Each structure stands twice: as structure tokens, then as C-alpha cells.
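**Q** Could you have a look at this structure, given as C-alpha cells, before my questions?
The values are calculated or read from the model by the stated rules, or taken from the named source; none is laboratory data. Fair warning: this is a prediction, and the values are worked out from it, not measured in the lab. A quick note on method: Cβ atoms are made from the backbone with ideal geometry, for glycine too, and the neighbour counts reach across all protein chains shown. Each accessible area value is taken on the protein alone, full model and side chains, heavy atoms only, with ligands, DNA and RNA left out. Shrake-Rupley method; radii C 1.70, N 1.55, O 1.52, S 1.80 Å.
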Amino acid sequence: MTISFNHTIVAAKDKQESATFFTTLFGLPDAVPAGHFLAVALDNGVSLDFAEPPIEFQPQHYAFLVGEDDFDRIYGLIVEWGLDHWADPRQTLPGTINTNDGGRGVYFLDPSGHYLEIITRPYGSGR
């Protein structure tokens, strides 16, 4: 049996704002309507489906493995846009990146308060 991740719903205060933030930051095609969602296509047929639930929601954590060049571009935008960012998930090392597992990583927030992370090496790969 093959099991592949297909999609997840991302709760947003404003789905258009959140989807546009994500596609612009990550250099992806514009989100497309999918029912009452805005779907952002990632690699391997995976999508993030942005929705505006009629309830308060807890922030979630979404981590993305990116290439070195993509990291440079994305991190450049994080700095250019003046986004708060941290080298660690507890937000104790502001304005810096980490070099875990011989790669680079950084944490930051999206417009809805979700914790986003980009890394260039999977956890445990530097051992």
C-alpha cells in the first residue's frame, strides 16, 4: 500500500491575505478557488487549502523543506518585509537563523498567527 499526503486545511482570518502571503513568499502560483477554499499547490500534488472558519482557532505549526537558493530568497523577503523571526521555536533567539543538522532554518509567523518554519536539511540528517 502507498500512502501519500494530499492536502490539509489551513484556518485563516482572511484566506485571500494568507494564501497571497504564502504564494508570494514561497514563489508559488496564485491560489485557486476550490469550493469555499483557496488552494495553494505545493510539490508532489500536495495542497494547502486556506479557509475562514467561523470560530477562533489555535495557531498551528507548518514546516517546509526548501533548497539553499530558495532559503536565501525567502529569508531575504522575511527581512525585507520586516517580519519578526527566530532561530528557535521558543522565540528566544530573535532576528537570527539556526544551523541545525548542517543546514539553515528560521521560524516566523503568517498573517493568521501560524508558526511557519523553513529548513534546508531534514531533522536528524546531520548526524
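**Q** Just checking, does segment 115-122 include any residue being part of a loop (DSSP other than H, G, I, E, B) and out of contact with any helix residue (DSSP H, G or I) (no Cβ under 9 Å at 6 or more places or on another chain)?
**A** Checked segment 115-122: no residue is part of a loop (DSSP other than H, G, I, E, B) and out of contact with any helix residue (DSSP H, G or I) (no Cβ under 9 Å at 6 or more places or on another chain).
**Q** Working only within segment 104-127, note down all residues that are touching a Gly at 6+ places or on another chain (Cβ under 7 Å), farther than 14 Å from L25 by Cα and modelled with pLDDT of 95 or more.
**A** We begin by selecting, within segment 104-127, every residue touching a Gly at 6+ places or on another chain (Cβ under 7 Å); these are 117-121, 126.
Narrowing further to those that are farther than 14 Å from L25 by Cα: 119-121, 126.
I119, T120, R121 - these are the residues of segment 104-127 that are touching a Gly at 6+ places or on another chain (Cβ under 7 Å), farther than 14 Å from L25 by Cα and modelled with pLDDT of 95 or more.
**Q** Would you mention how many residues in segment 53-89 are charged (D, E, K, R), free of Cβ contacts under 8 Å to residues at least 40 places away in the same chain and closer than 21 Å to T20 by Cβ? If you could, list the steps in order and put the result at the bottom.
**A** Initially, segment 53-89 is screened for residues charged (D, E, K, R), giving 56, 68-70, 72-73, 80, 84, 88.
When the remaining residues are screened for being free of Cβ contacts under 8 Å to residues at least 40 places away in the same chain, the result is 56, 69, 72, 80, 84, 88.
Now narrow it down to the ones that are closer than 21 Å to T20 by Cβ: 80, 84.
Total satisfying the criteria: 2.
**Q** Out of (1) of a type outside the set (D, E); (2) open to solvent by 40 Å² or more (accessible area, probe 1.4 Å); (3) within 12 Å of the chain's Cα centre (by Cα), what's the single condition that is false for S18?
**A** Looking at each condition in turn, S18 falls short on (2).
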